[in-house]
Amino acid sequence: MSSNSESDSDSGTRNGESDIDFAQEDLEEVFNNDMEPLATEDEARVYAEQVTLEEQQQQELMRRFSGEVSLDSWCKCSFCSLNHVVNMEECRCCTEMEEFMQKVSSYSPDNSEQGNCVTEHSGFDEVCLKQWVLEVAGISLKNKN
Ligand SMILES: [Zn+2]
Ligand SMILES: [Zn+2]
């Protein structure tokens, strides 16, 4: 008898019975006991930090929009321009949006030879333009009804 039997066809049924049979009252009791509605000191501090950070970002964007800080100082991709910018929210460089960059990069078949700017990534079309086109198409379809 070999103990080296590697079977992936182990269809032996585990205990098929489920014991999920909570009554609604039970659940409410659990939630009331475990979840504190008041923010803890830590949570309040984290929230305050977040607010401060956001305020700082807003001020920075305002300075960029007004030209108080020069484009060269915040654009790392060298493709940014204030020419068509109509509000301060647009005064961001693609290199500042990590998550966005990562998403685009993950769609690029070859990550080695990509430019500095997100618009030079081959994944950009895929993630942004097509997705954007679909969303816009979706909105116009929704509005028809
Ligand atoms: Zn840039
Ligand atoms: Zn860019």
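Every read-out reported here was derived from the displayed coordinates using simple, explicitly stated rules and does not represent laboratory data. Keep in mind that what you see is a predicted model, and the values were worked out from it rather than measured. Ideal geometry is used to build each Cβ from the backbone, glycine not excepted, and the neighbour counts take in all protein chains shown.
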Checklist line | Residue-wise HN-Hα coupling along segment 82-95, computed from phi with Karplus coefficients 6.51, -1.76, 1.60 (Hz; x: Gly, Pro) | finding: 9, 4, 10, 6, 10, 8, 5, 4, 8, 7, 10, 8, 4, 6
Next item on the list: Quote the FRET efficiency, to the nearest 0.05, computed for residue 50 versus residue 122 with a Förster distance R0 of 30 Å and r equal to the Cβ-Cβ distance.
Entry: 0.30
